[in-house]
1. Looking only at segment 534-571, count how many residues are touching a residue at least 24 places away in the same chain (Cβ under 8 Å), in a loop (DSSP other than H, G, I, E, B) and more than 19 Å from Glu423 (Cα to Cα).
2. Only one of Leu523, Leu548, Leu528 is aliphatic (A, V, I, L, M), at pLDDT 95 or above, within 30 Å of Leu681 (Cβ to Cβ) and over 22 Å from the mean Cα position of the chain (by Cα); which?
3. Sort out for me the helices (runs of 4 or more DSSP H) sitting completely within segment 202-310 that have 1 or more residues that are under 22 Å from Pro375 (Cα atoms).
4. What number of residues within segment 505-534 are surrounded by 22 or more Cβ atoms within 10 Å (Cβ to Cβ) and farther than 16 Å from Ser557 by Cβ?
5. Suppose the filter is assigned to a helix (DSSP H, G or I), within 24 Å of Ala504 (Cβ to Cβ), in contact (Cβ under 8 Å) with a residue 12 or more places away in the chain and not acidic (Asp, Glu); does Leu614 pass it?
6. When Asp751 is evaluated against the numbered criteria (1) at pLDDT 90 or above; (2) under 17 Å from Thr392 (Cα atoms), which criterion, by number, is the only one it fails?
7. With the condition kept exactly as written, say whether any residue in segment 593-603 is open to solvent by 30 Å² or more (accessible area, probe 1.4 Å), under 27 Å from Leu665 (Cα atoms) and modelled with pLDDT under 90.
8. Based on what the data block shows, is Ala515 over 28 Å from the mean Cα position of the chain (by Cα) and of a type in the set (A, V, I, L, M)?
Amino acid sequence: MDRLTGRFLLPWLRFTVRPRDIAESLRNAGAPVCYIIARHSSLDALVLQRACASAGLPRPRKQLLPAGAPRVQSLLALSRKVGFWRSRLDRRPPAELRELLAELRRDPQFDVLLVPAAVYWGRAPQREHISWFRLLFSEDWALASNLRRALAVLLNGRNTVVEFGAGVSLRSLVTEGTPDNQAARRMARHLNGLLVASRTAYVGPDLSHRRTLMTEVLRGRAVRALVAQEAVDRRVSRRQALLDAKAMFDEIAADYSHIFVALMSRVFRRLWTRIYDGVVVAHADTIAAVAAGNELVYVPCHRSTMDDVLMPYAIYSHGYAVPHIAAGINLNLPLVGPMLRKCGAFFMRRSFRGSALYSAVFTRYLGAIMARGHPIQYFIEGGRSRTGRSLTPKTGMLSMTLRSYLRQPVRPIVFVPVYIGYERIMEVDSYVGELSGKPKEKETLLGFLRSLKRLRENFGRVHVNIGEPIALAPLLDQHQPDWREKLGREGRGAGVGPAVDALARRIMRNIHSAAAVTPVNLLATVLLATPRQVMRESHLQRQLALYLQLLRDAPYSSRVTVTALDPVQIIAHGLAIGILERVGEDVLGFARRHATSMVYYRNNVLHLIAMPSLLACCFISNPSLRSADLQRLARRIYPYIAAELFLRWEEAELEAVVLNHLRALRNAGLLVEDGGEDTWLAAPATSAQAVELSLLAQPTLQTIERYYLTIALLLRAGRGVVSQAELEKRCQQMAQRMVTLYGFYSPEFFDRSLFEGFLSLLRRRGVLRANADGKLTYDAVLEQIAEDAQLVLSEQLRHSILQLVHG
């Protein structure tokens with residue numbers, strides 16, 4: 001049936017060969033190539049032969065052994081269907097494999113390069129216009145009948161992927177002295193593992209029955225012990241306690257369906273086309289490099305409720321398995337919750353406190369799905385950012401991930417940071433309301449239905465940028481060197497705290513290193529730096545050109561993507577989507593509806609211009625500065641800005657980074673070097689470049705003002721007078737007063753968590769200490785920091801802050 005179908009449909013087939021450079025790697029193999037497929041299929045063999053011909057690869061079905069030896073073709077199947085009425089798989093190693101091993105014993109020079117190969121029907125990435133009916137016959141793990149196989153080829157033959165794995169030497173898999181039968185079984189298991197890993201990466205893991213997974217979770221040692229303890233504490237029967245644990249599993253567990261995901265991908269494709277100008281995925285090839293053989297944990301930033309469905313869609317549309325998503329229990333709404341479960345969502349409570357049994361069930365479930373090869377996804381920040389700045393990472397899920405892996409290490413874990421950037425987000429008005437004091441609206445089905453009316457609007461383009469992956473093993477080697485000795489032991493995950501904290505910081509840095517700079521980000525950054533958020537069109541064009549030049553001359557990271565539009569096109573785009581409006585013949589400003597939300601979009605990319613903005617601050621009150629003074633100021637301030645914005649550079653790299661950005665500012669005409677980079681001069685005060693330098697300084701200037709306000713309040717209070725909590729409250733009150741008096745809108749300026757982070761870092765670095773009564777004390781270092789601020793902040797601004805503090 002396969003051969004007949006293949007001969008008839010061969011001209012119809014269209015396929016994508018992965019990886020693209022496979023021909024180069026096999027061309028210099030130095031040994032005959034033998035392709036290994038998982039199941040015997042004449043149809044797959046025909047497709048593979050055609051793929052090899054089109055890619056310039058060695059053809060399958062060639063004779064591998066010399067003349068006179070048994071015939072062994074260069075295509076082997078690890079299993080085949082047997083039985084006429086009730087088909088089953090015969091998984092015994094193929095006889096041809098034993099013949100190859102025998103030849104290996106006879107001829108010391110003989111070797112074969114074994115190349116895993118797979119054909120996936122209906123899984124070609126980014127193919128549009130796939131019908132609902134075709135999706136029912138796309139690739140999955142089922143052992144298909146001949147009829148279903150024929151329909152799959154007929155409907156998806158032009159939507160197929162041929163995947164080649166890395167070749168492995170036959171001789172390298174053989175251990176000296178091992179009998180051929182035993183060596184063949186080991187080799188078959190190894191090759192089958194490679195094929196399963198590839199299939200898991202592109203199709204998703206094999207889905208056994210949900211009750212099997214529930215049984216595995218409830219039989220865990222920790223869960224059984226807590227069920228018994230629960231029965232004693234609550235004075236109920238053990239059966240009732242077990243039923244409670246089962247109810248917790250049902251509350252948590254996903255109910256993933258390949259077919260439902262395939263159908264919903266069509267729905268979401270139409271939805272994204274309606275409300276967005278496109279979903280752009282950058283660096284998607286990064287996933288291909290780490291998918292096979294690893295457990296992937298996607299850790300995106302969290303901007304919008306759309307992230308929950310947009311991120312899996314972006315992964316699926318590029319041909320990779322949909323991750324299981326950790327979602328808040330508040331999203332488990334009628335109708336919506338079951339659909340999210342079918343798409344792979346599993347739900348978690350906001351807090352695990354007060355229920356040790358729930359914590360054990362959740363942790364066991366997380367470990368079980370990781371062990372089965374399900375990629376997972378959760379938001380490292382926990383909730384959505386209301387200000388546009390990334391939130392301090394929540395380490396609860398990271399800790400559970402590490403503990404689950406150490407308890408049940410099946411495959412290596414690789415974390416994949418992801419940056420999600422929107423030109424406009426649906427919830428920005430509610431974010432502004434919450435920052436103004438309105439209570440957060442609770443998620444309800446009625447609220448969800450009410451929000452559907454916004455689907456008529458257009459929200460611009462969405463960017464999904466894949467960051468640099470982070471392998472867990474090297475990080476554990478650094479922070480917990482003896483972790484391999486404790487694998488599989490009960491309770492051996494207690495020491496993962498330092499590794500978790502380091503991992504969280506690195507994830508946030510890698511997310512920021514993959515940022516997307518959109519036209520809206522640039523317009524917001526430029527106009528918010530002006531006193532009234534308006535500029536002449538020619539001045540706006542010049543400032544936009546400056547930012548584009550700095551982002552390209554001193555790139556923050558190779559993974560940052562910058563809009564391809566020029567300044568004129570950026571302004572035209574802002575007018576077209578209603579962000580900008582003309583307030584005069586040659587004057588542009590924010591449209592009234594969007595004015596208060598622009599801070600959000602500026603804050604998305606604040607970290608990308610933090611370093612040139614910090615250097616620009618130094619020249620506000622100083623026409624010239626020595627390189628040594630600039631480096632000292634950068635070393636003094638950088639650690640605090642880096643902690644707040646998750647900047648990527650280590651302090652040891654700072655000198656080279658500062659010099660690189662000084663040269664970029666020189667190339668832009670804002671600075672002039674004097675004496676071979678020993679001294680730097682600002683552009684003349686009356687020049688257009690001086691205005692550009694001043695506007696560039698504004699985003700970071702507010703941060704330094706906040707630091708100076710904190711230090712001034714502490715110096716005013718004196719040593720051993722206030723606690724950190726008291727000082728945080730005073731800082732927040734004074735910052736709110738500054739915003740009111742000076743009329744700039746920047747909600748994060750009086751965000752208490754930023755004051756808490758700054759004071760906590762001062763304590764970790766030894767600048768502040770708490771005495772026995774919990775009151776803050778300090779030494780001369782704090783006063784030196786205050787003196788350095790005089791070089792950055794203008795005299796008028798310092799006096800305004802001091803007047804507010806002393807008033």
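1. 3
2. Working: Leu523 fails: within 30 Å of Leu681 (Cβ to Cβ); Leu528 fails: at pLDDT 95 or above.
None of the others qualify; the one that does is Leu548.
3. Counting at least 1 such residues, we get 210-218, 238-252, 258-275, 285-291.
4. The total comes to 10.
5. Details: assigned to a helix (DSSP H, G or I): yes; within 24 Å of Ala504 (Cβ to Cβ): no; in contact (Cβ under 8 Å) with a residue 12 or more places away in the chain: yes; not acidic (Asp, Glu): yes.
Judged against the criteria, Leu614 is not a match.
6. Unmet for Asp751, out of (1) at pLDDT 90 or above; (2) under 17 Å from Thr392 (Cα atoms): (1).
7. As a first pass, look at segment 593-603 and keep what is open to solvent by 30 Å² or more (accessible area, probe 1.4 Å): 593, 595-596.
If we keep only those that are under 27 Å from Leu665 (Cα atoms) too, we end up with none.
No.
8. Values: over 28 Å from the mean Cα position of the chain (by Cα): no; of a type in the set (A, V, I, L, M): yes.
The answer is no for Ala515.
The values are calculated or read from the model by the stated rules, or taken from the named source; none is laboratory data. These numbers come from a predicted model, not from an experiment. Here the Cβ is made from the backbone with ideal geometry for all residues, glycine too, and neighbour counts use every protein chain on show. When the accessible area is computed, the model is the full protein with side chains, heavy atoms only, and any ligands, DNA or RNA have been set aside. Shrake-Rupley method; radii C 1.70, N 1.55, O 1.52, S 1.80 Å.
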